[in-house]
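First comes the structure, then the notes that go with it.
The values are calculated or read from the model by the stated rules, or taken from the named source; none is laboratory data. Keep in mind it's a predicted model, so treat the numbers as computed, not measured. As a convention, Cβ positions derive from the backbone with ideal geometry for all residues, glycine included, and neighbour counts pool all protein chains shown. Calculation scope for accessible area: heavy atoms of the full protein, side chains included, ligands and nucleic acids excluded. Shrake-Rupley method; radii C 1.70, N 1.55, O 1.52, S 1.80 Å.
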Amino acid sequence: MRRLLILAALLSLHAVSTALAQTASTVTKTIAERVAGLRKLDGYMPLYWDEASGRLFLEISRFDREFLYQVSLAAGLGSNPVGLDRGQVGPSAAVRFERVGPKVLLVQTNYGFRALGAPAAEQRAVADSFATSVLWGFTVDAAEGERVLVDATSFFVRDAHGVADRLRATKQGSYRLDETRSAVHLPRTRAFPKNTEVEVTLTFVTTDTPGPLVREVTPAPQAMTVREHHSLVELQDDGYAPRRFDPRIGFVPLTVYDYASPITSPLETRWIQRHRLQKTNPSAQRSDAVQPIVYYVDNGAPLLIRQALIDGASWWSRAFDAAGFPNGFQVKVLPADADPMDIRYNVINWVHRSTRGWSYGESVVDPRTGEIIKGNVTLGSLRVRQNIMIASGLTSPFDGRNGSCGFADAPEAATLVPDASDEVVTGLALARLRQLAAHEVGHTLGLEHNFAASTYQRGSVMDYPAPLVTVKNGELDLSEAYATGVGAYDIWAIQFGYGQWPAADETAALARGVDDGLRRGLLFVSDEDARGLGTAHALGALWDNGPDPIDALKQQIQVRRLALARFGLGSLPDGLPLSLLESRLLPIYLLHRYQVNAAAKSVGGAMFTYSVKTATGPSPTPVLTIVSPERQRAALATLLETIAPPFLALPSKLLELIPPTAYGYGTGTAEPFARRTSAVFDSIGAATIAADFAVSALLQPERAARLIEFHGRSDLNPDFDEVVAAIVTKAFGASAPAATPGAIARAVQELVATRLTELASNDAAAFEVRAGARQALRLARGRLSARTDAAGVVLRQTIDQYLRQPTPPAQTAPLPTPQGEPIG
Ligand SMILES: [Zn+2]
């Protein structure tokens with residue numbers, strides 16, 4: 001034992017002395033000697049490429065000076081559900097090099113905790129109270145005066161973006177980086193005056209069975225190769241003043257814990273994220289910008305699309321013009337020799353994936369101030385095809401000869417003449433792309449979503465827009481499907497974020513501007529208060545339209561009926577198999593889904609604002625108003641129309657047109673309904689999917705708890721008991737019927753019973769909510785008492801069993817809802 005220890009000590013001594021000897025011998029070399037014969041990439045931080053060894057060296061001449069370190073994913077996996085897309089940007093870090101003897105440490109400053117404007121000792125006390133992070137330790141390879149050279153190959157050729165973690169988190173297998181199949185990617189490793197860019201090819205390997213999502217998109221799934229990108233960027237130190245955040249306008253906040261704030265003030269200081277934009281003449285109301293904000297559109301986007309992206313992104317020019325910068329915002333095509341990864345370009349990338357998915361706008365942000373250094377927009381190319389799908393489903397433009405298949409119970413169908421051409425459909429898709437480009441650029445200008453804006457004349461491109469389809473003279477009209485410019489809220493927000501006034505006037509000017517927008521009713525509702533099905537704000541909804549969500553649902557029901565009436569062979573271009581009709585039918589049959597969610601927010605819903613106390617009281621007012629009892633009940637009645645069999649049934653003429661999936665078309669981008677009928681279209685299953693939107697939205701535990709809360713505040717408001725009783729009555733009838741209802745009605749009954757059971761068993765729901773759900777099951781059971789058909793008897797027994805025992809009985813799980821978002 002003892003001998004072993006001594007041997008180990010000797011070995012480690014030997015290792016240390018060898019390492020020291022190596023360090024000593026290499027450091028004696030000058031940089032010039034060490035890099036002789038290597039290829040130099042000169043720029044912000046010079047790089048040297050050693051072709052013979054495949055090593056990349058970094059020359060460091062600035063120590064203890066902060067710069068920005070940014071990792072991104074230059075070439076992705078191409079799978080939307082995994083979420084490793086080309087152009088994805090990771091978090092930004094403010095870092096500095098520290099030299100300690102033969103080592104150079106890369107240290108990330110902790111900017112979450114500060115003492116703003118305090119004396120140096122106070123700042124140091126805060127800085128030393130919280131951890132920093134040393135991201136890497138380099139060994140000095142050569143030195144010359146203040147400059148050192150380090151071998152940075154291992155620093156760059158590593159999984160800095162967290163690809164392996166992401167693959168594990170999405171259950172695609174445990175991949176590890178294989179260094180033998182990884183290398184520096186020279187074509188996109190470049191140095192510029194203000195930034196040094198390094199790209200690496202990384203191969204991740206696994207001996208597990210690769211997950212299905214990786215298998216779908218990777219030629220040899222055991223080896224998955226992507227490229228990660230490192231940016232080292234100069235940080236500007238002066239000339240940018242952070243702007244205070246205001247919760248009434250949806251800018252992305254940067255929050256700092258400020259330990260120098262007066263003890264009577266909040267600890268947190270909140271600033272907005274925004275680009276730097278300054279007037280050449282700060283005292284003028286309108287002035288040229290010292291440096292305008294320029295966005296560059298991907299030169300890899302097809303011409304037609306590229307133009308739509310330029311047009312849409314350019315909408316923002318109007319908002320900047322209104323903020324006093326006539327040419328403050330510009331859009332250009334990325335020059336052929338420019339690199340979209342170059343930090344100096346704000347870019348709009350056109351990205352391909354195997355399935356349609358989200359687009360997003362991300363920003364490289366100075367963590368010290370919230371200044372946006374680079375806007376990076378990623379647009380998924382397949383969304384435009386989803387638009388074509390919806391538009392062609394709505395208008396059935398492809399064939400005038402066969403006419404529509406038609407609903408027997410829709411007399412309007414007889415008068416419909418297909419008038420929409422291919423051009424109309426393409427036009428609609430391009431209109432959506434313009435809006436999308438504006439939306440994503442909006443994020444990179446610092447704006448968050450505003451999910452109330454669709455309720456006031458398309459107040460913002462930062463809402464999620466559903467195509468507005470109206471009925472004109474019995475015809476579906478798509479001429480105003482999408483916005484054609486930024487909205488009043490957008491102009492107001494840019495004025496707040498980017499307006500510039502002489503320093504003495506700024507605070508007053510900002511306050512005046514905020515008041516002015518609030519007076520004009522420019523309501524902001526955030527993601528948190530809109531995205532969930534159970535959220536409280538009556539006007540916070542996604543993919544909805546119009547000022548009145550209940551009226552809009554009524555209109556959507558009418559549009560859906562007309563669209564289904566003309567749906568048929570004309571919805572498909574010549575030459576495609578008829579089985580593809582199903583994927584075109586899907587978005588039309590489920591057209592109501594988002595407007596259902598929007599209308600449901602009036603049930604147990606409230607209107608509120610992120611009000612701020614001012615000298616004159618809360619601003620804006622009212623602070624919170626419960627939706628009127630009449631409107632809550634009107635919303636409930638309209639929602640329940642969508643679970644009735646006449647709404648859900650498809651005509652047999654249409655069902656006869658849809659064969660099982662054509663041979664050879666089994667995979668691909670077409671999205672079918674889930675089914676229990678093997679290859680045959682499952683119209684009963686589809687009906688439960690369509691009915692589930694209203695049932696599930698109404699039975700959200702948070703909504704149920706609010707109904708009880710609001711009824712407690714005033715018994716004029718509908719209680720949760722009233723809402724569940726209405727659902728049960730709609731699905732099961734007002735009294736116990738003896739006759740067996742139709743197949744769709746039976747399926748909806750089962751769905752309602754299942755969702756009520758889930759709510760009654762949901763241990764996160766309030767006690768009274770669960771009690772109400774059980775009571776509703778008892779009511780449903782009573783309505784089934786006279787039924788003698790198998791489904792009626794078994795459903796009754798299932799409910800009985802559940803009511804006797806607290807554990808949920810074995811029930812058939814409802815069919816999963818097809819992917820809906822993004823709808824274009
Ligand atoms: Zn968005």
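Among the candidates Val184, Val198, the residue that is under 20 Å from Asp159 (Cα atoms) and under 30 Å from the mean Cα position of the chain (by Cα) is uniquely Val198. Residues that are outside any loop (DSSP other than H, G, I, E, B) and crowded, with 17+ Cβ neighbours inside 10 Å within the range 220-252 comprise Met224, Thr225, Val226, Arg227, Glu228, His229, His230, Ser231, Leu232, Val233, Glu234, Phe251, listed in sequence order. Which one of these does Leu553 not meet: (1) assigned to a loop (DSSP other than H, G, I, E, B); (2) over 19 Å from Asn387 (Cα atoms); (3) touching a residue at least 60 places away in the same chain (Cβ under 8 Å)? Unmet condition: (1). Taken together, the criteria place Ser154 among residues that are within 20 Å of His230 (Cα to Cα) and assigned to a helix (DSSP H, G or I).
Filtered by the rule that a residue be farther than 21 Å from Asn376 by Cα and in contact with a strand residue (DSSP E or B) (Cβ under 9 Å, 6 or more places away or on another chain), the range 267-283 gives Leu267, Glu268, Thr269, Arg270, Gln278, Lys279, Thr280.
Would you confirm whether any residue within the range 505-524 is within 28 Å of Val471 (Cβ to Cβ), at pLDDT 95 or above and in contact with a Ser or Thr (Cβ under 9 Å, 6 or more places away or on another chain)? Yes, the range 505-524 has at least one match. Any residue that is touching a residue at least 60 places away in the same chain (Cβ under 8 Å), touching a Pro at 6+ places or on another chain (Cβ under 8 Å) and within 30 Å of Leu267 (Cβ to Cβ) - is there at least one of those in the range 94-102? Looking for residues that are touching a residue at least 60 places away in the same chain (Cβ under 8 Å), touching a Pro at 6+ places or on another chain (Cβ under 8 Å) and within 30 Å of Leu267 (Cβ to Cβ), one finds at least one in the range 94-102, hence yes.
Among the criteria (1) crowded, with 17+ Cβ neighbours inside 10 Å; (2) in a loop (DSSP other than H, G, I, E, B); (3) without any contact (Cβ under 8 Å) to a residue 40 or more places away in the chain, the one Val331 does not fulfil is (2). Taking into account only those residues within the range 728-744 that are assigned to a helix (DSSP H, G or I) and touching a helix residue (DSSP H, G or I) at 6+ places or on another chain (Cβ under 7 Å), which is farthest from Leu639 (Cα to Cα)? Once the filter is applied, the top-ranked residue is Ala743.
Only one of the numbered conditions (1) crowded, with 19+ Cβ neighbours inside 10 Å; (2) under 30 Å from Asn349 (Cβ atoms); (3) modelled with pLDDT of 75 or more is violated by Asn80, and that is (3).
A single entry from Val752, Val794, Val748, Val724 fulfils the requirement of being at pLDDT 95 or above, over 16 Å from Thr688 (Cβ atoms) and open to solvent by less than 20 Å² (accessible area, probe 1.4 Å): Val724. In this entry, Asn349 passes the filter for residues that are modelled with pLDDT under 95, within 16 Å of the ligand (Cβ to nearest atom) and among the polar types (S, T, N, Q). Check the range 607-624 and report whether any residue there is assigned to a helix (DSSP H, G or I) and open to solvent by 10 Å² or more (accessible area, probe 1.4 Å). Taking every residue of the range 607-624 in turn, none turns out to be assigned to a helix (DSSP H, G or I) and open to solvent by 10 Å² or more (accessible area, probe 1.4 Å). Taking the range 42-57 as the range and being within 26 Å of Val100 (Cα to Cα), of a type in the set (A, V, I, L, M, F, W, C) and out of contact with any Asp or Glu (no Cβ under 8 Å at 6 or more places or on another chain) as the test, only Trp49 passes. On the stretch given as the range 78-137, residues that are among the acidic types (Asp, Glu) and assigned to a strand (DSSP E or B) total 1.
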